[in-house]
Amino acid sequence: MVGLRYRAPRNATQGRENSMASVFPVTTSADGNPEQPTLKDQLVGTWNLVSYRVEEKDTGTFINAMGPSPRGRVIFTPDGWVAFNLEGSHRHPAETEADYPGLMKTLVAYIGRYRVEGNQWITQVQTAWAPEWVGTEQRRTVVVSGTTADVTTPWRKMPNWAQGRLSRSLIRFQRADDGA
């Protein structure tokens, strides 16, 4: 990599069909030809949750674990930090102590250092909504296509759904364009 430059959008009224040029750094090789951004380059920034589906391994059925309209964001920094906070639809403040455990079933949140290996990001979890995740590595396979990122977790037992059975999450994010 010889040079690093950013391409700005041609004008503010132009459609998003060419938005990739304004989102990712464009590197050039020694001969001046553009190189493809790395997965880490593609991940850096803020992503909004679009959908969250959970597949049970034994049955192949999908669990609507986070409801029809989950909310959340994942933020990747250039210096290797990730903050991941997702919550299910229709969450309401707890009115009694007995309500709190139910809220844990519709939340996934963690922060840690991340690295990229091949088509995966790996997080060394430093804080998490589930204490058993602290100190673990969480691997996620990711495919970035334009401004969409599709994420697949490995098969695992989640602390908040599938009653201890193996499941995996299929998550879709859209790059945030709201300045966040």
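The values are calculated or read from the model by the stated rules, or taken from the named source; none is laboratory data. None of the values given here were measured: they were computed from a predicted structure. We place every Cβ from the backbone using ideal geometry, glycine too, and count neighbours over all the protein chains shown.
Evaluate region 87-105: report whether one residue or more is surrounded by 14 or more Cβ atoms within 10 Å (Cβ to Cβ), in contact (Cβ under 8 Å) with a residue 12 or more places away in the chain and in contact with a Lys or Arg (Cβ under 6 Å, 6 or more places away or on another chain). The answer is yes, given that some residue of region 87-105 is surrounded by 14 or more Cβ atoms within 10 Å (Cβ to Cβ), in contact (Cβ under 8 Å) with a residue 12 or more places away in the chain and in contact with a Lys or Arg (Cβ under 6 Å, 6 or more places away or on another chain). Sort out which residues of region 52-79 are in a loop (DSSP other than H, G, I, E, B) and within 24 Å of HIS92 (Cβ to Cβ), and write them in order of number. The answer is ASN64, ALA65, MET66, GLY67, PRO68, SER69, PRO70.
The residue list GLY3, GLY67, GLY15 contains one member that is loosely packed, with under 13 Cβ neighbours inside 10 Å, at pLDDT below 95 and in contact with a strand residue (DSSP E or B) (Cβ under 9 Å, 6 or more places away or on another chain), which is GLY3.
Filtering region 25-51 to residues that are part of a loop (DSSP other than H, G, I, E, B) and either modelled with pLDDT of 95 or more or out of contact with any helix residue (DSSP H, G or I) (no Cβ under 8 Å at 6 or more places or on another chain) (or both) leaves SER29, ALA30, ASP31, GLY32, ASN33, GLN36, PRO37, THR38, VAL44. Do the conditions hold for ARG172, that is, is it among the basic types (Lys, Arg), buried (at least 17 other Cβ atoms within 10 Å of the Cβ) and within 25 Å of VAL116 (Cβ to Cβ)? It is false that ARG172 is among the basic types (Lys, Arg), buried (at least 17 other Cβ atoms within 10 Å of the Cβ) and within 25 Å of VAL116 (Cβ to Cβ). Within region 129-147, being assigned to a loop (DSSP other than H, G, I, E, B) and surrounded by 12 or more Cβ atoms within 10 Å (Cβ to Cβ) holds for TRP129, ALA130, VAL134, THR136, GLY146, THR147. Taking the criterion of being in contact with a Leu (Cβ under 9 Å, 6 or more places away or on another chain) and at pLDDT 95 or above, the residues of region 118-142 that qualify are GLY118, ASN119, GLN120, TRP121, VAL142. If only residues of region 116-128 that are in a strand (DSSP E or B) and touching a residue at least 40 places away in the same chain (Cβ under 8 Å) are counted, the one that is surrounded by the fewest Cβ atoms within 10 Å (Cβ to Cβ) is VAL116.
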